[in-house]
Amino acid sequence: MIARLTAFIWVTSFLFSEQTEVDDACPPGLPQDEFRQLYRDSCFYFVLYRVKDYVHAEQDCEGQGGKLAVVDSAAVQGFLVDKLVNAYKRPDIRVWIGLEDRDNDGTFVWADGTPLAYSNWAIGEGDHKHPGEVCALLDTRQRGKWYDFVCENKESLGYEHSYVCQYTSRTATAPTAHVATATDISMTHPCPPFSCDLDCGMDGFKKNGTSSCSLCECDV
């Protein structure tokens with residue numbers, strides 16, 4: 001009985017701690033539900049309960065200061081597919097990700113402006129062979145492969161899909177600014193050869209307050 005109680009307390013504490021971490025990291029305006037997920041320095045929100053075309057899905061993400069998901073590595077790809085299929089039990093869904101070529105210049109770019117390096121296109125996709133298909137969908141029915149698709153069509157609901165938003169974690173550790181010290185400065189700017197006719201005895205020479213180089217003055 002005691003062992004079961006201890007296990008219950010431990011699990012409850014763990015879940016509470018995990019929930020608190022999500023609450024602290026994700027935008028406060030997001031619904032506080034199970035569709036929020038943390039991965040590295042990002043909060044992902046899986047919008048699976050409503051559909052929009054690419055343009056309006058993008059606007060929805062931007063409304064909370066985010067963007068459509070940037071799937072720039074196999075690790076992020078695996079994370080998204082795992083959550084969609086295993087956590088949310090959706091092996092049959094297509095979701096918008098933040099990859100598009102709405103400038104029609106022949107180059108897909110991510111929602112944050114970074115160029116496409118990692119990709120997971122299905123065969124025959126992402127090649128600009130179909131006019132107007134310049135926004136990307138991740139399809140769990142095809143093991144997470146990507147498909148180019150029409151971004152919006154005001155006359156048809158067939159262009160609306162679920163989507164995944166990505167937000168920078170509010171608890172991400174910012175790089176600590178380094179304050180330069182006299183040692184840093186002296187190493188960056190070495191002191192010139194020192195020569196002085198003064199005899200300062202035990203007092204020694206004064207030091208430059210910025211570079212720490214010796215001055216031809218007695219430190220008295």
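Observations on the model:
- Screening the candidates Tyr45, Tyr49, Tyr39 for the property of being touching a Leu at 6+ places or on another chain (Cβ under 9 Å) and either outside the structural domain of His161 (by TED's automatic domain parsing) or under 28 Å from Val150 (Cβ atoms) (or both) yields one hit, Tyr45.
- All told, Ile97 meets the bar of being under 17 Å from the mean Cα position of the chain (by Cα) and surrounded by 12 or more Cβ atoms within 10 Å (Cβ to Cβ).
- Scan of the range 85-107 for residues that are touching a strand residue (DSSP E or B) at 6+ places or on another chain (Cβ under 7 Å) and within 26 Å of Gly132 (Cβ to Cβ), ordered by number: Ile93, Arg94, Val95, Trp96, Ile97, Gly98, Leu99, Glu100, Asp101, Arg102, Asn104
- Flag if Asp72 is assigned to a loop (DSSP other than H, G, I, E, B), on the phi < 0 side of the Ramachandran plot, touching a Lys or Arg at 6+ places or on another chain (Cβ under 6 Å) and touching a residue at least 24 places away in the same chain (Cβ under 8 Å): no
- Which numbered condition Leu30 fails, given (1) crowded, with 16+ Cβ neighbours inside 10 Å; (2) part of a loop (DSSP other than H, G, I, E, B); (3) at pLDDT 95 or above: (3)
- Residue-level check: of (1) touching a Cys at 6+ places or on another chain (Cβ under 9 Å); (2) surrounded by fewer than 18 Cβ atoms within 10 Å (Cβ to Cβ); (3) within 19 Å of Arg36 (Cβ to Cβ), Gly132 misses just (3).
- Of all residues in the range 94-115, those being more than 18 Å from Tyr54 (Cα to Cα) and either at pLDDT 95 or above or not in a loop (DSSP other than H, G, I, E, B) (or both) number 1.
- Here the range 33-51 is the region considered, the condition is being out of contact with any helix residue (DSSP H, G or I) (no Cβ under 6 Å at 6 or more places or on another chain) and of a type in the set (A, V, I, L, M, F, W, C), and the residue that is nearest to Glu152 (Cα to Cα) is Val51.
- Test: residue in the range 100-115 that is farther than 22 Å from Asn153 by Cβ, touching a residue at least 12 places away in the same chain (Cβ under 8 Å), buried (at least 16 other Cβ atoms within 10 Å of the Cβ) and under 17 Å from the mean Cα position of the chain (by Cα): yes
- Looking across the range 140-153, the residues that are surrounded by fewer than 19 Cβ atoms within 10 Å (Cβ to Cβ) and part of a strand (DSSP E or B) come down to Lys145, Tyr147, Val150.
- Among (1) closer than 15 Å to Tyr163 by Cα; (2) part of a loop (DSSP other than H, G, I, E, B); (3) touching a Phe, Trp or Tyr at 6+ places or on another chain (Cβ under 7 Å) - the single one Pro91 does not satisfy: (3)
The values are calculated or read from the model by the stated rules, or taken from the named source; none is laboratory data. This is a predicted model, so every value here is computed, not measured. Cβ: placed from backbone, ideal geometry, glycine included. Neighbour counts: every protein chain shown.
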